[in-house]
Amino acid sequence: MPIYEFKCERCGVIIKKICSFSDPEPLCPCCGFQMRRCISSFSFKSSDIADREKRIFKLAQGYLKDGKIHDAHRFLKKASEYVKSENIKKAVDKLSSKLES
Ligand SMILES: [Zn+2]
């Protein structure tokens, strides 16, 4: 589950909490005021992508270890449609040029 930051709008305290998006926002531990989720959607997405990237590259490396370059290429190409990642795109390009040569 992702880590969210919550900020108290009354006293400015910021806490981090692992929870799902649908969980209710917590109350401030200092003053009891309703806290607001303040992590930006961008930073949430980028950590999410980094996590997916890691898993995708791990799978692709499994294919490459077995010498299945075509499978790795096809897999990464498919993955790049779901995960908008420069690193995956670069890996696809690298494998593409490897396959062409
Ligand atoms: Zn507070």
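Here, each number is a calculation from the coordinates, and none is a lab measurement. None of the values given here were measured: they were computed from a predicted structure. Positions of Cβ are generated from backbone atoms using ideal geometry, with glycine treated the same way; all protein chains shown enter the neighbour counts.
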Among the lysines, which have Cα under 16 Å from the Cα of residue 90 when same-chain residues fewer than 8 positions away are ignored? 54, 58, 77, 78, 98
When 28, 11, 19 are arranged by how many other beta-carbons sit within 10 Å of their Cβ, fewest first, they go 11, 19, 28
For residue 34, residues with placed amide H under 5 Å, excluding near neighbours: 28
The aspartates and glutamates whose Cα lies under 15 Å from the Cα of residue 16, excluding any fewer than 8 residues away in the same chain, are 5, 25
Full-stretch length increase - residue 82, residue 1 - with 0.36 nm per residue and alpha-carbon distance subtracted: 27.2 nm
Pop out the ³J(HN,Hα) list for the stretch 27-37 in order, Karplus 6.51 cos²θ - 1.76 cosθ + 1.60 with θ = phi - 60°, rounded to Hz; leave Gly and Pro as x. 8, 4, x, 8, 10, x, 6, 5, 8, 10, 5
Which cross-chain or sequence-distant (5 or more) residues have an amide H under 5 Å from the amide H of residue 19, H modelled 1.01 Å from N in plane? 4
A correct Kirkwood calculation over the Cα atoms of the chain returns a hydrodynamic radius in Å of 16.1
Output ³J(HN,Hα) for the stretch 4-21: one whole-Hz value per residue in order, computed from phi by the Karplus curve 6.51 cos²θ - 1.76 cosθ + 1.60 with θ = phi - 60°, and x for Gly and Pro. 10, 9, 10, 10, 7, 7, 8, 10, x, 5, 10, 10, 10, 8, 7, 7, 7, 4
